[in-house]
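Contents: one structure, followed by commentary.
The values are calculated or read from the model by the stated rules, or taken from the named source; none is laboratory data. Nothing here was measured: the structure is a model prediction, and the numbers come from that model. Quick reminder, even Gly has a Cβ in these numbers, built from the backbone with ideal geometry, and neighbours come from all protein chains shown. With ligands, DNA and RNA removed, areas are computed over all heavy atoms of the protein, side chains included. Shrake-Rupley method; radii C 1.70, N 1.55, O 1.52, S 1.80 Å.
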Amino acid sequence: MIPLTGYTDRLSARPGEKIEFKLSSVGPGPIRAHLVKVRCGDPNPAGPGIREKDLSDIFATSVPSRVQTHVIGSYAKAPRPAAAQGPITFEAVVWPTTTGKGEQGVLCCIGSDGLALVVAEDGSAGAVLQIGGQAVRLSTGRALRERRWYRIWASHDPEGQLSVGQVALDDPFGDARPVEAARKVSPGQPVFPDTLRLAVIEPNAGLGFYNGKIEAPGILDASGQVLARWDFAQDISGLSIRDTGPERRHGRIVNLPARGMKGSRWSGREMCWRHAPDEYAAIHFHDTDLDDCGWQTDLTFTVPDDLPSGIYGLRLSCGAETDMIPFFVPAPRGRRGADLCVLIPSFTYVVYGNFDRPDFSDAYRARAAELGMIPHFPGDHPEYGFSTYNRHSDGSGICHVSALRPMMTLRSGCLNQLDMVGSGMRHFGADTHLTDWLEAQGIAYDIVTDHEVHAEGVAAVAGYRTLLTLSHPEYHTAETLDALTAYRNSGGRFCYLGGNGFYWRVALHPEAAGAIEIRRGEGGIRAWAAEPGEYYNAFDGAYGGLWRRSGRAPQALAGAGFSSQGTFEGSYYRLLPAASDLRAAWIFDGIEEEMLGDYGLSGGGAAGFELDRADTRLGTPEHALVLARSEGHSERFVLVPEEQLTHLVTLPGEPAEDLIRAELVFFETPAGGAVFSVGSITFCGSLSHNGYENGISRMLGNVVMRFLDPAPFAMPEDGCKAALIARS
């Protein structure tokens, strides 16, 4: 484990609200903690460096060190039916995915005594009988094929018989014959524990976690009467498992296994589980699932009523070990501390949390040490779970993540990319390039997170004259997109200062706080592909995947949307004739150069890594101006899949190489507002270049100052002169 780490019970808290810190330390001495305000989280000496304001006068304390642990791996638990005595059969329908990993629990009611239906050590259906401390194991001896459906069962007769069996349900050449095994055992009735478990033998001991799907687990008596039958087609969006048997022994899932998954009866006639829940009556369990670590609270911080909105952190130390756990403080509801608000992409932070990069190597460690960054990397610490850009141990994509765990990637000084010309920072660290610039310019700002916008709608940002995104606002719910659209349409001034934003649809769990779901279906730049028929979210029942496939391409909100991706390298923009248009010429006041941004802390340039462009087919307004376009990208940049029809033809009809570009886009809205989009993830990394004296900094300063000016913008049909007169 990481020697000193922790997490919070929530990512943001307003003044007057409490935030809890859950800490773990191997140190012998106390953990010292004090409040800091975070301005810049990039330690690169070529930039501003780590900038934190010590606020020990507001909050400082110490707590004893202790090591906190948790269970990783999903399972379910339920009360044992009282009638589960005498001759008894455990059965389930299974779709195993790692039959060679050792003994795995399927339906287990076992402790010092009991019976368990398992995938045996040899990969076949098996049984474990425990009576008086003596364990008996039995298996059919024929390994189950992975990703095939079987009905498996284990029966015990106290008179002295143990049997086990399996039968294939989807044999491609017809019905398979059952495979069974039996043996005599010592007579006796096991004393069953009060709780039974699905998909694990003993979670606290880490024993027997199962990988794969389970459907319709049940317990039968000697005559075949159902004592318990859990129907996973019920409450698919929830945490409960429903028992349809006579005793209604309902249970609960742990660590969020995947629900709304195709079952053994899936026909392909319905792609949405809401329309045919009986065909989606399976749960996919994984031994690498993690929801809430469940650590105990070590200290609680109540945000003072007069604490300004911003990015804060709890700076920890214990001996030689240090850490900083960031959190976010929005302004009080209905009150603003500034006219400008920065939207923190908290959904994106969680979705990327603990991303174990496939190209990770010792070169990352060396670069992190060279730049003075944190030494911890997700691949070294699987105990904290990975991101939705990784896969489970059985190869299936991780579709659930939670904020209720330590996230190495949600820290200042986290090296996310191997960048030999810059800092290699993304997400939180890269986003502090903008907050550092705002403070260097003396521009007052509040912050708000995706979580407030989702919960409160447009009210969370109403009243702010200007709203800025950060470098990568990729993941959104319908609620956040609705709120941002309403803000823009009501006259707000919206700056999209990143790339590949508003791209994937996510859902929040209705019961499990902090949990987010993503289904990577049918296109897009994907780390893994959802199975056909599993494109609908379990959490809210909505069609997952790209927002573009739900008719809400990023261009419809911000004027620019994802077009191409390459390695973590940056290039520059070249001004286009539209930069001289009277409607937008003010954006370039004081800028002499035609090329902008061939410098920066993110890949060495302002236009890089992931690039967005305008497209009127996808929603860019007809009156939008494309002010500048990037060029000079290497052969390592490719067109995104959703724009490619064949190896020769693209959806827009332009050559693929011509679509590899970032574009600066500007347009006005009917209610007097405006939108400015930069089309690049690496843009904010160029702001501090040359002590903030550069074309990118000057351009953004012009935009922000004009956007903060209360004078309304005019749509071009109302006349360009009206906008110029109003501004003057």
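Before we move on, is THR477 touching a strand residue (DSSP E or B) at 6+ places or on another chain (Cβ under 8 Å), open to solvent by less than 40 Å² (accessible area, probe 1.4 Å) and more than 16 Å from GLY561 (Cβ to Cβ)? Judged against the criteria, THR477 is a match. Within segment 203-239, if we keep just the residues that are part of a helix (DSSP H, G or I) and in contact (Cβ under 8 Å) with a residue 12 or more places away in the chain, the residue that is least open to solvent (accessible area, probe 1.4 Å) turns out to be PRO203. Looking at segment 14-36, which of its residues are touching an Asp or Glu at 6+ places or on another chain (Cβ under 9 Å) and at pLDDT below 95? Residue satisfying the conditions is GLY27 alone.
With respect to being within 30 Å of THR435 (Cα to Cα) and surrounded by 16 or more Cβ atoms within 10 Å (Cβ to Cβ), VAL128 falls outside the description. Selection over segment 241-274 of residues that are more than 16 Å from PHE90 (Cα to Cα) and open to solvent by less than 20 Å² (accessible area, probe 1.4 Å) gives a count of 12.
You will find that of LEU601, LEU575, LEU582, LEU557, the residue that is out of contact with any strand residue (DSSP E or B) (no Cβ under 9 Å at 6 or more places or on another chain), aliphatic (A, V, I, L, M) and closer than 27 Å to PHE713 by Cβ is LEU582 and no other. From the list ASN500, ASN489, the one residue that fits, being crowded, with 23+ Cβ neighbours inside 10 Å and in contact with a Pro (Cβ under 9 Å, 6 or more places away or on another chain), is ASN500. Looking at segment 38-116, the strands (runs of 3 or more DSSP E) lying wholly inside it that each contain 3 or more residues that are buried (at least 20 other Cβ atoms within 10 Å of the Cβ) and either of a type outside the set (Phe, Trp, Tyr) or touching a residue at least 12 places away in the same chain (Cβ under 8 Å) (or both) sit at 75-79, 88-96, 104-110.
Could you please find all residues in segment 334-385 being within 30 Å of ASP305 (Cβ to Cβ), in a loop (DSSP other than H, G, I, E, B) and under 15 Å from the mean Cα position of the chain (by Cα)? Passing the criteria: only PRO345. Go through LEU611, LEU601, LEU576, LEU596 for me and flag whichever is modelled with pLDDT of 95 or more, among the hydrophobic types (A, V, I, L, M, F, W, C) and open to solvent by 30 Å² or more (accessible area, probe 1.4 Å). Criteria check complete, one pass: LEU576.
Just to be sure before I move on: is VAL200 open to solvent by 20 Å² or more (accessible area, probe 1.4 Å) and either free of Cβ contacts under 8 Å to residues at least 12 places away in the same chain or aliphatic (A, V, I, L, M) (or both) in the structure I sent? Considered against the rule, which asks whether it is open to solvent by 20 Å² or more (accessible area, probe 1.4 Å) and either free of Cβ contacts under 8 Å to residues at least 12 places away in the same chain or aliphatic (A, V, I, L, M) (or both), VAL200 comes out as no.
Here is the figure for segment 660-698: residues that are assigned to a helix (DSSP H, G or I) and out of contact with any Leu (no Cβ under 7 Å at 6 or more places or on another chain) total 2. Residues that are out of contact with any strand residue (DSSP E or B) (no Cβ under 6 Å at 6 or more places or on another chain), under 30 Å from TYR599 (Cα atoms) and among the acidic types (Asp, Glu): does segment 50-60 have at least one? The answer is no; no qualifying residue exists. If you go through segment 158-179 and keep only what is β-branched (Val, Ile, Thr) and either open to solvent by 50 Å² or more (accessible area, probe 1.4 Å) or over 15 Å from ASP122 (Cα atoms) (or both), you end up with just VAL167. If you go through segment 509-524 and keep only what is open to solvent by 10 Å² or more (accessible area, probe 1.4 Å) and of a type outside the set (Gly, Ala, Ser), you end up with HIS509, PRO510, GLU511, GLU522.
Here VAL506 meets each of (1) out of contact with any His (no Cβ under 9 Å at 6 or more places or on another chain); (2) surrounded by 24 or more Cβ atoms within 10 Å (Cβ to Cβ) with one exception, condition (1). Listed by position, the strands (runs of 3 or more DSSP E) inside segment 462-539 whose residues that are under 21 Å from ARG336 (Cβ atoms) and touching a residue at least 40 places away in the same chain (Cβ under 8 Å) number at least 3 are 466-468, 493-496.
So which residues in segment 65-121 are under 26 Å from the mean Cα position of the chain (by Cα) and of a type in the set (Gly, Ala, Ser)? Within segment 65-121, GLY73, SER74, ALA76 qualify.
Condition check ((1) open to solvent by less than 10 Å² (accessible area, probe 1.4 Å); (2) closer than 16 Å to THR469 by Cβ; (3) at pLDDT 95 or above) across all residues:
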site	(1), (2), (3)
ASP419	yes, no, yes
SER423	yes, no, yes
HIS427	no, yes, yes
ALA430	yes, yes, yes
LEU434	yes, yes, yes
GLU439	no, no, yes
ASP446	yes, yes, yes
ASP450	yes, yes, yes
GLY457	no, no, yes
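When segment 12-26 is filtered for residues that are out of contact with any strand residue (DSSP E or B) (no Cβ under 6 Å at 6 or more places or on another chain) and within 21 Å of GLY334 (Cα to Cα), the ones remaining, listed by number, are ARG14, PRO15, GLY16, GLU17. A single entry from ARG183, ARG147 fulfils the requirement of being of a type in the set (Lys, Arg) and on the phi > 0 side of the Ramachandran plot: ARG147.
For segment 134-157, the set of residues classified as open to solvent by less than 50 Å² (accessible area, probe 1.4 Å) and either of a type in the set (Ser, Thr, Tyr) or out of contact with any strand residue (DSSP E or B) (no Cβ under 9 Å at 6 or more places or on another chain) (or both) consists of SER139, THR140, TYR150, SER155, listed by residue number.
For the structure I just gave you, tell me whether ALA182 is open to solvent by 10 Å² or more (accessible area, probe 1.4 Å), of a type in the set (Gly, Ala, Ser) and either modelled with pLDDT of 95 or more or touching an Asp or Glu at 6+ places or on another chain (Cβ under 7 Å) (or both). Yes, satisfied. Residues in segment 443-460 that are aliphatic (A, V, I, L, M) and part of a helix (DSSP H, G or I): VAL453, ALA455, VAL458, ALA459, ALA460. Taking the criterion of being open to solvent by less than 70 Å² (accessible area, probe 1.4 Å) and closer than 25 Å to GLU594 by Cβ, the residues of segment 624-653 that qualify are ALA624, LEU625, VAL626, LEU627, ALA628, SER630, GLU631, GLY632, HIS633, SER634, PHE637.
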